[in-house]
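Here the structure comes first, spelled out in structure tokens, and everything after it is commentary.
The values are calculated or read from the model by the stated rules, or taken from the named source; none is laboratory data. Note that the structure is a prediction, hence the values are computed from the model and not measured. Backbone-built Cβ (ideal geometry, glycine too); neighbour counts: all protein chains shown. For the accessible areas, the whole protein counts, side chains as well, though only heavy atoms, and no ligand, DNA or RNA atoms are used. Shrake-Rupley method; radii C 1.70, N 1.55, O 1.52, S 1.80 Å.
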Amino acid sequence: MKRKFALLLSVLFILMLTACGSNTNNIESTGSNGGITNTGVAPEEELVIKATNYSFDQKEYHLKKGVPVKIIFENESGNHGVLIPEFELQLNRENNSQVIVPEEAGTYEISCSVMCGSGHSTMIAKVIVE
């Protein structure tokens with residue numbers, strides 16, 4: 001009986017180590033490759049979107065059409081994320097930056113991608129591509 005219990009504990013311990021050891025974050029590297037990220041595009045600009053409880057730091061963010069931009073998400077308080085479906089962009093604490101190239105001018109909605117509480121549905125802003 002003790003032997004089976006010890007074997008079961010050993011297997012569980014190995015499974016836990018395996019799960020904890022596979023840390024595959026999608027944070028982009030800008031090391032010795034000249035700033036080119038895994039999208040193959042070097043960003044020309046950076047846009048930082050900061051989130052606090054139930055709001056983004058700006059109501060509008062402006063981008064230039066055709067200009068590669070690295071969008072960086074900073075979660076200042078609470079648990080939030082960024083979702084812009086038209087850019088196939090979803091950022092959160094684990095995946096906090098991505099390079100995009102906005103190809104079409106227009107106004108796009110940013111919303112919080114993490115259910116953050118009673119003010120979640122009002123947590124929206126706009127990206128204006130000119």
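A few notes on this one:
- In this structure, VAL101 and ILE128 have a Cβ-Cβ separation that, at R0 = 25 Å, corresponds to a calculated FRET efficiency of about 0.95.
- Accessible area of TYR54 in the full protein assembly, 1.4 Å probe (Å², nearest 10): 80 Å²
- Residues GLU60, GLU44 ordered from highest to lowest accessible area at a 1.4 Å probe: GLU44, GLU60.
- The order of LEU83, LEU91 by accessible area, most exposed first and with a 1.4 Å probe, is LEU83, LEU91.
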